[in-house]
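**Q** After the structure tokens below, expect a handful of questions from me.
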Amino acid sequence: MSWKSASFTLACGLALLGFARPLKAQKTGSPASTKSASGMWKSQTTGNEYRVEIEGETLKAERMDLPKDSVHEGAYVRTTARHQGPKWIGKTQIFLPCALGHGPVINKCHLTMSFEITEMGPDLIRGRIENPDLNQFDCKSCNAPKTEWKDFVWVPKKQ
């Protein structure tokens, strides 16, 4: 089954962080200097909202604005990364319902995608995430035969 008819539900969750300009590897600072990055952040590209927590060498982020019906079904998008040299490197765990087009949910898909942050400060988090190619994603088997890296930028959410 082709993703041509696209799963709107899964696509909304997976179009996590895209940002269309090249990255330059930049120092993220020490974990102590990035503690101020903890809090609520908003993607400048997708508008998705994330709660970010940093404790020592570990960063955790969770998408907070998933549709309520999906959350009720157990959906989540969670990232854990460790500070490694000038970057934060980790994985994003995704569990989302998958439907063909705007039709009923036919499956619930677990995916694990690579994630990295290349720049972090009190007013900006910049990095990239591995995303499945939605044109080739198989909703029935949750198979993503091809992935691509997407750049992202988060800014603090205004209260």
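**Q** Hey, can you grab everything whose amide H is under 5 Å from the amide H of Cys109? Only 5+ residues off in sequence or another chain; H modelled, so Pro and N-termini drop out.
**A** HN-HN under 5 Å from Cys109: Leu96, Cys98.
**Q** Pop out the ³J(HN,Hα) list for the range 82-91 in order, Karplus 6.51 cos²θ - 1.76 cosθ + 1.60 with θ = phi - 60°, rounded to Hz; leave Gly and Pro as x.
**A** Rounded to whole hertz, the list is 10, 6, 9, x, x, 10, 10, 10, x, 10.
**Q** Residue separation times 0.36 nm, minus the C-alpha to C-alpha distance between Cys142 and Asp123: what's the value?
**A** 3.3 nm
**Q** Quick check: net charge around Ser70, other residues with Cβ under 11 Å of its Cβ, Lys/Arg +1 and Asp/Glu -1?
**A** 0
**Q** Would you mind pulling out the separation of the Cα centroids of the range 52-93 and the range 100-159, in Å?
**A** Distance between centres, Cα-based: 11 Å.
**Q** Something else: Tally Lys and Arg at +1 and Asp and Glu at -1 over the other residues with C-beta under 9 Å from the C-beta of Asn131: what net charge comes out?
**A** After counting each charged neighbour, the total is -2.
**Q** Hey, with R₀ at 30 Å, roughly what FRET efficiency would Arg78 and His102 work out to, going by the Cβ-Cβ distance, to 0.05?
**A** The computed FRET efficiency comes out at 0.70.
**Q** Return His83, His72 ranked ascending by Cβ neighbour count within 10 Å, so the fewest neighbours appear first.
**A** Arranged by neighbour count, lowest to highest, His83, His72 become His72, His83.
**Q** Sum up the charges of everything whose Cβ sits under 10 Å from the Cβ of Ile89, counting Lys and Arg as +1 and Asp and Glu as -1, but leave Ile89 out.
**A** +2
None of the figures in this text is laboratory data; all of them are computed from the coordinates on show. These numbers were taken from a predicted model, which means no experiment stands behind them. FYI the Cβ positions are ideal-geometry reconstructions off the backbone, even for glycines, and counts take in every protein chain you see.
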